[in-house]
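One structure is given below, encoded as structure tokens.
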Amino acid sequence: MADQNSSLYIIPNSTEVAVLDCKEAFDGLTAKEKLYAHHLAQASFKGGLIVLFQTSPESPGIFALLQKLFGAQSPEEISTLAVSNGFSEEDVKAFLIYAAAFYSNMGNYKSFGDTKFVPNVEREKVESMIKSSKAFQEDGAAMQELWDSVKDRMFSLESDQTELGLGEKGTSTYYSANCTERDAKIAQDFMTLKDISPYNTRLFKSEDPASGSICYEIRMAASQSSMSEVPGYASGAVLGEYDFTPEGEENSVKFKVTRGDYSALMNLVVEELENAKEYAANEHEKNMLKEYIKSFTTGSLPAHKDGSRHWIKNKGPIVETYIGFIESYRDPYGVRGEFEGFVAVVNKQMSAKFSKLVDNAEHLLAHLPWPQEYEKDTFLRPDFTSLDVLGFGGSGIPAGINIPNYDEIRQSEGFKNVSLGNVIISGYKTSTITFLLEEDKALYTKYKIPSFEVQVGLHELLGHGSGKLFMEDSEGKLNFDVDNVTHTETKEKVSSWYKPGETWDSKFSTVASTYEECRAECVGIYLCLLSDVLKIFGYEGDDADDIIYVNWLNMVRAGLLALEFYSPQNGSWKQAHMNARFVILRVLLEAGQGLVSIKKVEGEDGKPDLVIQLDRAKISSVGKPAIGKFLCKLQVYKATADVEAAKKMYSYYSDVNDQQEPKFLHLRSIVLDRKQPRKLLVQHHTYIENGQVQLKTYEASASGLIQSFVDRLPSSDVQEMLCDLLKKERPYF
């Protein structure tokens, strides 16, 4: 697999592995806090298994296969076994790094980029090793069945399997294999009509060959699978069968709304949340967990929203957590949430800086480039803490989070921001710096993490936390004065807004995630120019100037690196944040006046290389006005639900072509030749021994990461559960 195209689909042996260290923070907890954190971590990791079923048809089977393999023999023993089956030293590394990456991404598609990865070892060698393993000797029938069920797709690079996508564009298990984007839209229209949130659902389509009639099943995630109400719980779900006529069509289709998706796994989550509830520190935490349990038992999204309301009110907890179907980045249609859960411990020193940022938020918001009418009537002062992650279950670990994602709560009740400090420190240290001038590399090395902490703070608090949505409620009442709010471009009265049942995600669907990330990133680089912001983080004088420069330089460089995440074959972007950063690069290049340039040069190795130049003297005079104008448009189109204008503008800046300078498709080949693999993070494992919670740490290696998952989820019952669920799903994929 030496050529550039195939290298996209392997995890290089050179991939760095880092430990997500939380030992010091964990040791500072009380015995009760440790028990609370332990059960929440278990809920997060067990719930994270759901991501396998949200990623690809083969992911649950590969997970079960790896768990059986490494559960019977350690990574070191498997390495010895592999050598006896014809593996070279590089083959051994490749197989271990594949397994570690699979665990880290909770599936065989990269969480950051949605590109498939396959073992960089011949299939025949892997099969031989598996069949000579201790796990195969102990239960050959089960191992053979697992291997047979995954071996083809595990190694396949068929065009419709290399990326996540809908229909012919890729693979998605949020939808049955016969669903298209048209089916996703029909389902969304039906769910909007019935006021059903798609966050915790999947869509399955069946068609009667004889009559041609179509039935869509909307499955809600819940431990309870019966159609009857659960004693003591009103589901809030619209269960049942319905006829629905899609827009522009004469014939109706049938919809069936059910619950019980991933029921066995949801039950594991519920059990751990029940355990955690015993050690909650206050009534807000108890009520939060009570509502989450209700939601995960019955499928009720309103219950999860109520749990989120209690979570918002729980100010400054020592142990912070959030869990559920949260981000819609990986749904090709952009509305269904991927499961994630985390538990983390507060870093008091950095949290103090973020608290000061919150204290100054109203003052800083006034510097944003849109009229006051486009800002929320009242800034809902959120909790903003820096956390050291103890456990994060899902497909990947972000550097910061702004949640909940429910519009009605964020607009009028509040939200929370968290910066994941040990993720920033462990995951964003750069050993190899590409595409920068030599004189910039030293500054970049010194200030990348400090500048990134500033950017994360602004991005989460004042990016995602700013801006008003113009909305109409079910009684026809508007949350803005329609007679006195004008469009910033046409200067006419605003004529569009969100109607009852419409949300940001449902209106903007496929572009919603990347558009909002772009808006938040723009806020970060725009406001980091303020001396008041930099003083909060302890930077003044030359240090402050260098922080600004490196933050903008990092954004420009990220925009170039983003080309890795563009798919020429589909003409689409595979990662929301990177799409956003490329858009910002395009805006800054368009600003002209020598602000940004990308030059093609010859590298030290004789191969084509690129150098980015950013004129730091023109950041304020050229860069700031360009970003301000663009940012204002982003907010106005978002506030007024102007999907058509938003998509037209965003598509223009997202376009990757060779029709104009710089020729981005050509640059992409150079970026791919010099791309650096994303780090894998090893997390701690907590367990109870003699009534006390113990913390187990691991080495920063592929073997350490693999062993952490074996220790964390050792039960054969879980493996059988995955296999049972997998068999039920096979007919749909």
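Values quoted throughout were computed directly from the atomic coordinates according to the rules given, and no laboratory measurement underlies them. None of the values given here were measured: they were computed from a predicted structure. Backbone-built Cβ (ideal geometry, glycine too); neighbour counts: all protein chains shown.
With 0.36 nm allotted per residue and the present C-alpha distance subtracted, the GLU76-ARG182 stretch has 33.3 nm of extension available. As a length-normalised measure over Cα pairs under 8 Å and 6 or more apart, the relative contact order of segment 1-143 settles at 34 percent.
The fraction of all Cα pairs in segment 348-673 landing in successive 20 Å bins from 0 to the largest distance is 31, 59, 10, 0, given as whole percents.
Think of segment 24-138 as having a plus end and a minus end, set by charges on the Cβ of Lys, Arg, Asp and Glu; of SER128, ILE50, PHE112, ILE50 sits farthest toward the positive end of this dipole. Listed values for segment 619-628 are Karplus-derived 3J(HN,Hα) couplings in whole Hz (6.51 cos²θ - 1.76 cosθ + 1.60, θ = phi - 60°), namely 4, 6, 7, 10, x, 4, x, 5, 5, x, and x replaces Gly and Pro. With R₀ fixed at 56 Å, the C-beta to C-beta distance from ASN484 to GLN659 puts the FRET efficiency at about 0.85. One Cα centroid belongs to segment 379-454, the other to segment 628-682; the line between them spans 20 Å.
Once the Cβ-Cβ distance of TYR242 and ALA210 is raised to the sixth power relative to R0 = 25 Å, the FRET efficiency obtained is 0.70. If you look at the Cα atoms of segment 60-104, you get an Rg and a Dmax of 10.3, 28 Å.
Temperature 4 °C, viscosity 1.567 mPa s: under these conditions the Stokes-Einstein estimate for segment 302-451, based on its Kirkwood radius over C-alpha pairs, is 74 µm² per second. Once backbone amide H atoms are built at 1.01 Å from N, SER572 has SER567 as its partners under 5 Å, excluding neighbours fewer than 5 places away on the same chain. Each of ASN251, TYR174, PRO209 was placed along the dipole of segment 174-315 (beta-carbon charges, centred on the mean Cα), and the one lying farthest toward the positive end is TYR174.
Here the 3J(HN,Hα) profile of segment 539-555, calculated from phi with Karplus coefficients 6.51, -1.76 and 1.60 at θ = phi - 60°, is 10, 9, x, 4, 4, 4, 4, 5, 4, 4, 4, 5, 5, 5, 4, 4, 5 Hz, Gly and Pro shown as x. Backbone amide hydrogens, once placed in the peptide plane, bring ASN347 within less than 5 Å of SER386, LEU387, ASP388, excluding anything fewer than 5 places away on its chain. Evaluating 6.51 cos²θ - 1.76 cosθ + 1.60 at θ = phi - 60° for every residue in segment 249-259, the Karplus couplings come out as 10, 8, 8, 7, 10, 9, 10, 10, 9, 10, 9 Hz, glycine and proline recorded as x. The alpha carbon gyration tensor of segment 668-733 gives principal lengths a ≥ b ≥ c with a/c of 1.5 or higher and a/b no greater than b/c, which makes the shape oblate. Counting only Cβ charges, +1 for Lys and Arg and -1 for Asp and Glu, the dipole size of the chain around its Cα centre is about 660 debye. Can you tell me how the chain classifies by the Cα gyration tensor, rounded, prolate or oblate, using a/c under 1.5 as the rounded cut? Judged from the Cα gyration tensor, the chain comes out rounded (a/c under 1.5).
Volume per residue of the convex hull around the Cα atoms, evaluated for segment 471-612, comes out as 195 Å³. Assign one of three labels to segment 174-315, namely rounded, prolate or oblate, based on the Cα gyration tensor with a ≥ b ≥ c the square roots of its eigenvalues; rounded applies when a/c is under 1.5, prolate when it is not and a/b is larger than b/c, and oblate otherwise. Because a/c hits 1.5 or more and a/b exceeds b/c, segment 174-315 counts as prolate.
Computed over the Cα atoms of segment 435-499, what is the ratio Rg over Rh, Rh following Kirkwood?
For segment 435-499, the value is 1.32.
A cut-off of 5 Å between modelled amide H atoms, ignoring neighbours fewer than 5 places along the same chain, links GLU327 with GLU338. Here the simple spin-label model places points 7 Å from the Cα toward Cβ, and for GLN372 and SER620 these points are separated by 2.6 nm. Hey, could you get me the Stokes-Einstein D for segment 245-326, Kirkwood radius over alpha-carbon pairs, 37 °C and 0.692 mPa s, rounded to whole µm² s⁻¹? Estimated via Stokes-Einstein, D reaches 228 µm²/s.
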